[in-house]
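What follows is one structure encoded as structure tokens, with my remarks underneath.
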Amino acid sequence: MDDVSRQLERSVGIVKMWEVTQLPNGKTLAEQLTFQGVSFWEIMAPVLALYYVPVALSAGTQQSSILKQLRPHVTLAKRNLLSLIQRNKSTQNHVEWKKESTFLFLGFSTYMYRDVLNPVADHLATNRQKSSVVIHDGAMRKAIMPEDLITYQSIWQHWDRNIKMETQHLRKQMQQGIDELLTMNILPQIINADEVMLWPQMKNAFNWLFRFHLPILIPQAVLARHILNRFKPSLIISADVADPRTRLYSLLGHQMGIPSLEIQFGPNGSEGVEWQFVIADQVATWGDTTYEVLLNHNVPAEKITITGSPRHDNLINVSADEIAQTRKRLNIPPASAMVLCASTYQQKEYNSLSDPELLVSMKKAVFQAAGEIDGLCLVVKPHPLENVQETKQLIGNAKNVLLLNAGEDIRELTKACDAFIGFGSTATVDALIANKLTICPSFKGWIWSDPFVKSNAVLVPRSEEEIVDIFKKITDYSYKEIIKEMDPARQNYLYKLAYKIDGHSSERITSIAIEMAKSK
């Protein structure tokens, strides 16, 4: 286990210890933050363990300031304004569901829904004639078009006067509970328990928890209860085990006897400690490797089924016409080699564990190397959550570089490219499945590509000069021999990680979903 994983494991232990700590009023901390039957501590626990506690463990004592105390209030006001805009845009018409059993997909993350959930919803509709409803919070892109048996709804379409009154009531209850907790003045003692002196570092985190994270969930919780109570779906299906919004539906579903299925989005490792807080009844995982990781995260074996990933189903049997259309759309010159770069970002919460300047230096090296090679086009696809403007500045005036919109489906680009460059993201697996020359730059100190580096299935340049050498091999087409040489390692890695790459993962998950719905 590396230093990052050890730090995160320690964070999980601390969060779970806080959860059961008894307060002077006889309640545990989790019970104190339970309102109308919803444990908001349980909903937020992965966020605390993944982000706030690791930062507190790594950082020195930070001075509290008026500005820091006010920031959660300002952010909450901005988010509430956005929600108000979404409510005003949404119509309360057409919120009825079909009479027959309906599968509820949680589409709060557009790209997670597109990559993992949409293939399953499509298969349910086209092959099993099952109806599905996809709910989102108003940010679903219009590119995902409804079909006869798939209905897309914003949660704000369900907002009405009764929901507003319930929200106000819950907000009052929550504020009373938080005020009571703060009046006890017990938090510094709890947070500093077991010789872990974290209160000075965690004080600001709890300010964010009480003044932003919990308040922003209040309307989400009321709407989730309303939607589940009114429509009673056969099954809840999610692809984000850590998102507080999806966790609300799984937790409330448990209370109402509605089962939930979690479809693993990316290849989790020992650092994926969010799985230690999984609520879902069943988990569809990629392969043997991820199955073992989930067991190590204390997910019961009877909850896990190896299915492969739906995101890989359309990466096989790619036609030449499909590739040609993508390259034509991107204006890639016919004589140029297309190299796809899956740009990414590093969450600021991990900056104390991994120097963010490493990623900047590797990106710069890739962009500059591309500018030195004629006959090459570097297509840069930003991560959906990264700052595209920063990436644009890093590219600067580099030649032969094409920066795309972050909303592009990287799988379509992967199918059309000659070679792929990644920094440890999930898309790297896509490239290996598509049998592309896969390059993972790993300058000294970079840890996020380690699973791929250890696989021996990827090229691992350690400097800009080595990247240039690889680019030269791509433009003279000698890279094809490298692909052949690395194929045994690639096959071995994918066999353990991704189960059967046969285009039928969605079908396998659909069968699980239907059986779970029957047993409701």
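Taking θ = phi - 60°, what integer Hz values does the Karplus form 6.51 cos²θ - 1.76 cosθ + 1.60 yield along region 472-479, in sequence order, with x for Gly and Pro?
Taking θ as phi minus 60°, the curve returns 4, 5, 5, 6, 9, 6, 6, 5 Hz for region 472-479.
Quick one: if the Förster radius is 56 Å, what FRET efficiency do Lys392 and Met17 give, using the C-beta to C-beta distance and rounding to 0.05? Please list the in-between numbers first.
Details: r = 44 Å, r/R0 = 0.79.
The pair Lys392/Met17 has a calculated efficiency of 0.80.
Label points 7 Å out from Cα along the Cβ direction at Lys454 and Thr110: separation in nm?
Label at Lys454, label at Thr110, 3.6 nm between them.
Determine ³J(HN,Hα), in whole Hz, for all residues of region 455-467 in sequence, where each value follows from phi through the Karplus function 6.51 cos²θ - 1.76 cosθ + 1.60 and θ = phi - 60°; x replaces Gly and Pro.
6, 6, 9, 10, 7, 10, x, 10, 7, 5, 4, 5, 5
Kirkwood Rh over alpha-carbon pairs of region 1-43, then Stokes-Einstein at 20 °C and 1.002 mPa s: what D in µm² s⁻¹, rounded to an integer?
My calculation gives 186 µm²/s for D.
Using modelled amide H (1.01 Å from N, peptide plane; none on Pro or chain starts), what sits under 5 Å from the amide H of Ile421, excluding residues fewer than 5 places away?
Leu340, Cys341, Ala342, Ile439
Which trypsin sites (Lys or Arg not before Pro) from region 348-426 combine a DSSP loop assignment with at most 16 other Cβ atoms within 10 Å? Present the calculation step by step, with values, prior to reporting the outcome.
On the way: sites: Lys348, Lys363, Lys364, Lys392, Lys399, Arg411, Lys415; in loops: Lys399.
Sparse-neighbourhood loop trypsin sites (Lys or Arg not before Pro): Lys399.
Label Leu81 and Ser478 with points 7 Å out from Cα along Cα→Cβ: what is the distance between them in nm?
About 5.8 nm, to one decimal.
In Å³ and rounded to a whole number, note down the convex hull volume per residue for the Cα atoms of region 269-310.
Spread over its residues, the Cα hull of region 269-310 gives 68 Å³ apiece.
Let me make sure I get this right: for region 388-520, a, b and c are the square roots of the gyration tensor eigenvalues over alpha carbons, sorted descending. Under 1.5 in a/c it's rounded, otherwise prolate if a/b > b/c, else oblate. Which is it?
On the way: a/c = 2.12, a/b = 1.57, b/c = 1.35.
Judged from the Cα gyration tensor, region 388-520 comes out prolate (a/c at least 1.5, a/b above b/c).
Go ahead and estimate [θ] at 222 nm for the chain from helices alone: -39,500 (n - 2.57) per DSSP H run with n ≥ 4, summed, over the residue count, rounded to 500.
Numbers: 21 runs with 250 residues, N = 520.
Computed mean residue ellipticity for the chain: -15000 deg cm²/dmol.
Over region 326-421, what portion of Cα pair distances is larger than 21 Å, expressed as a whole percent?
Value for region 326-421 (Cα pairs over 21 Å): 32 percent.
Per residue, how many Å² of accessible area does the chain show with a 1.4 Å probe?
44 Å²
So what's the convex hull volume per residue for the Cα atoms of region 452-520, in Å³? Provide the component values of the computation, followed by the final result.
Values: hull volume 9.4 nm³, N = 69.
So the per-residue Cα hull volume is 136 Å³.
Can you give me the angle between helix 505-518 and the longest principal axis of the chain, using Cα atoms only, in degrees from 0 to 90, rounded to the nearest 10?
20 degrees
Viscosity 0.890 mPa s, temperature 25 °C: what is the translational diffusion coefficient of region 175-278 from Stokes-Einstein with a Kirkwood Rh over Cα pairs, rounded to a whole number of µm²/s?
It comes out at roughly 151 µm²/s.
What are the semi-axes of the equivalent ellipsoid of region 326-382, taken as the square roots of 5 times the eigenvalues of the Cα gyration tensor, listed largest first and rounded to whole Å?
Value: 29, 13, 5 Å, ordered largest first.
Distance from the Cα centre of region 442-520 to that of region 217-255, in angstrom?
So the two Cα centres are separated by 34 Å.
Rounded to the nearest percent, how much of the accessible area of region 395-491 (1.4 Å probe, protein heavy atoms only) is carbon and sulfur?
Accessible surface attributable to carbon and sulfur in region 395-491 totals 48 percent.
So, in Å, what gap is there between the alpha-carbon centers of region 388-438 and region 1-32?
Using only Cα atoms, the two centres lie 38 Å from each other.
Near the amide H of Leu198, under 5 Å away, which other amide H atoms are found, from residues 5 or more places off or on another chain, if H is placed in the peptide plane?
Under 5 Å from the amide H of Leu198: Asn192.
Karplus couplings for region 293-302 from phi (6.51 cos²θ - 1.76 cosθ + 1.60, θ = phi - 60°), rounded to Hz, Gly and Pro as x?
5, 4, 4, 5, 8, 6, 7, x, 4, 5
Among the DSSP beta bridges whose two residues both lie in the chain, what percent are antiparallel, rounded to the nearest 5?
10 percent
Summing +1 for each Lys or Arg and -1 for each Asp or Glu, what net charge is found among the other residues whose Cβ lies under 12 Å from the Cβ of Val20?
-1
Report the longest stretch of the chain that contains none of the GluC sites (Glu not before Pro) sitting in a DSSP loop with at most 12 other Cβ atoms within 10 Å.
101-520
For Gln255 and Asn25, FRET efficiency with R0 = 25 Å and r from the beta-carbon atoms, rounded to 0.05? Show your work: numbers first, answer last.
On the way: r = 24 Å, r/R0 = 0.96.
It comes out at approximately 0.55.
Can you list the residues, at least 5 places off or on another chain, whose amide H is less than 5 Å from the amide H of Lys130, using H built in the peptide plane?
Ala125
Using DSSP to call loops (not H, G, I, E or B), can you name the trypsin sites (Lys or Arg not before Pro) in region 418-506 whose Cβ has at most 11 other Cβ atoms within 10 angstrom?
Lys444
At 7 Å along the Cα-to-beta-carbon direction for both Asp288 and Glu322, put a label point, then send me their distance in nm to one decimal.
Here the modelled spin labels are 2.8 nm apart.
The values are calculated or read from the model by the stated rules, or taken from the named source; none is laboratory data. Since this is a predicted model, take the numbers as computed values, not measurements. In this analysis, Cβ positions are derived from the backbone assuming ideal geometry, glycine residues included, and neighbour counts consider all displayed protein chains. Remember, those area values only see protein heavy atoms, side chains included, never the ligands or the DNA or RNA. Shrake-Rupley method; radii C 1.70, N 1.55, O 1.52, S 1.80 Å.
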